[in-house]
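Input: a single structure, listed below in structure tokens.
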Amino acid sequence: MSDFLQGLADLFFGISLPTKAAENAHLVDNLFNAVLVISIIGFIGLMGVMTFFIVKYHRTQNEKSEYIPHNATAETIWTVIPMIIFVAISVFGLFEYFKMNEVPKNAYKINVTGFQWGWTFTYSKKEDGKIVSFDKNELMYLPVDTPIVLEMTSTDVLHSFYVPSFRVKRDTVPGMNSYLTFTPTKLGDFNIFCTEFCGTSHSRMRGIVRVVSKERFQKWADREYKEANITDPVELGYRLYNKNCASCHSAGANKIIGPGFQGLYGKTREFADGQSEVANDEYIKNSIYYPGRQIVKGYENKMNPWVGQLNDKDVEHLIAFIKTLK
Ligand SMILES: [Cu+2]
């Protein structure tokens, strides 16, 4: 029925609601369509009666109108009927509202944080009594056919989390948690909008909900948890190296712009000024923080100081990685 009405609405008014992709989305559409149909009937009825009166009581046919101070029957009818309609709409709406806000017991929880201007989604779980988590910006993965509850807040001003295809929308408020629940039923990407004017880049505060199969979601989440919670210093060092240093330092012995790292640890280094030093933790740390102080013989002073950009933990990880390059 509602699809039929939707079809009619599309046909006559070009009103196209976005794809429905959540369990309770039809409740909102039903209400929307009911209000639309009532409005159309009301509009046609009103205009019809008006046109009829214009013709029937035209001045040419009846110069002087009858004096009617009021008509209790007509007034009662036009008060009671609209009242019943409006109360019915609000009661209908209220029950749907309650229904859409029931959070299922087994709902999968994700924390949402709105900020100027974007969204952060935090996934967390308990593992060996500890809470492990990871953050994602803009892209929210969800398992299909699984009840979801979002625990939402904001770091700065009011925002409003809105997924048109799920027919859900709720404000995110600084210093307070608000909740939103739904069950995605369709695979695919759906838009997230902020619907609270929140500053100059409000219109660009968007995101994507990506609904995937339960298996794919599990794989994705496992990988993200692992990725975000690596504790092995060598692995962390390797990542830092790959990101920041590999363009100038090879992991082998060959020269790129800087010397290769292979065999560096424990070797005696000779500098352009004729001095020398054994490459221990302290030396490597200083080479990273203040590369200009000692220039390795045969090289130019081309490395930028990393002091302030990498911290002592990062440097420890880098050293742990360099030590493995024997
Ligand atoms: Cu916003």
Sole exception among (1) modelled with pLDDT under 90; (2) touching a strand residue (DSSP E or B) at 6+ places or on another chain (Cβ under 9 Å) for Val278, by number = (1)
Which members of the range 210-237 meet the condition of being more than 30 Å from Arg167 (Cβ to Cβ), among the hydroxyl-bearing types (Ser, Thr, Tyr) and either modelled with pLDDT of 95 or more or not in a helix (DSSP H, G or I) (or both)?
-> Thr231
Over the range 112-137, the set of residues among the β-branched types (Val, Ile, Thr) and either over 26 Å from Gly175 (Cβ atoms) or more than 16 Å from the ligand (Cβ to nearest atom) (or both) is Thr122, Ile131, Val132
Going through the range 267-326 in order, the residues found to be surrounded by fewer than 17 Cβ atoms within 10 Å (Cβ to Cβ), among the polar types (S, T, N, Q) and closer than 18 Å to Cys248 by Cβ are Asn286, Asn301, Asn304, Gln309
Positions within the range 138-161 being within 16 Å of the ligand (Cβ to nearest atom), touching a residue at least 60 places away in the same chain (Cβ under 8 Å) and not aliphatic (A, V, I, L, M), in sequence order = Glu138
Picking from Asn242, Asn286, the residue that is assigned to a helix (DSSP H, G or I) and touching a Lys or Arg at 6+ places or on another chain (Cβ under 7 Å) would be Asn286
Residue count, the range 245-278 (criterion: within 23 Å of Gln309 (Cβ to Cβ) and part of a loop (DSSP other than H, G, I, E, B)) = 14
Quick check, is Lys109 more than 16 Å from the ligand (Cβ to nearest atom) and loosely packed, with under 14 Cβ neighbours inside 10 Å?
-> no
Which ones in the range 173-192 are within 16 Å of the ligand (Cβ to nearest atom), over 12 Å from the mean Cα position of the chain (by Cα) and not small (Gly, Ala, Ser)?
-> Val173, Pro174, Met176, Leu180
Starting from the range 109-123, keep only residues that are at positive phi and in the same structural domain as Phe161 (by TED's automatic domain parsing), then list their pairs with residues that are modelled with pLDDT of 95 or more and part of a strand (DSSP E or B) whose Cβ atoms are within a distance under 8 Å, requiring at least 6 positions of separation or different chains.
-> none
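The values are calculated or read from the model by the stated rules, or taken from the named source; none is laboratory data. The structure displayed is predicted, hence computed values, not measured ones. Virtual Cβ from ideal backbone geometry, glycine too; neighbours counted across all protein chains shown.
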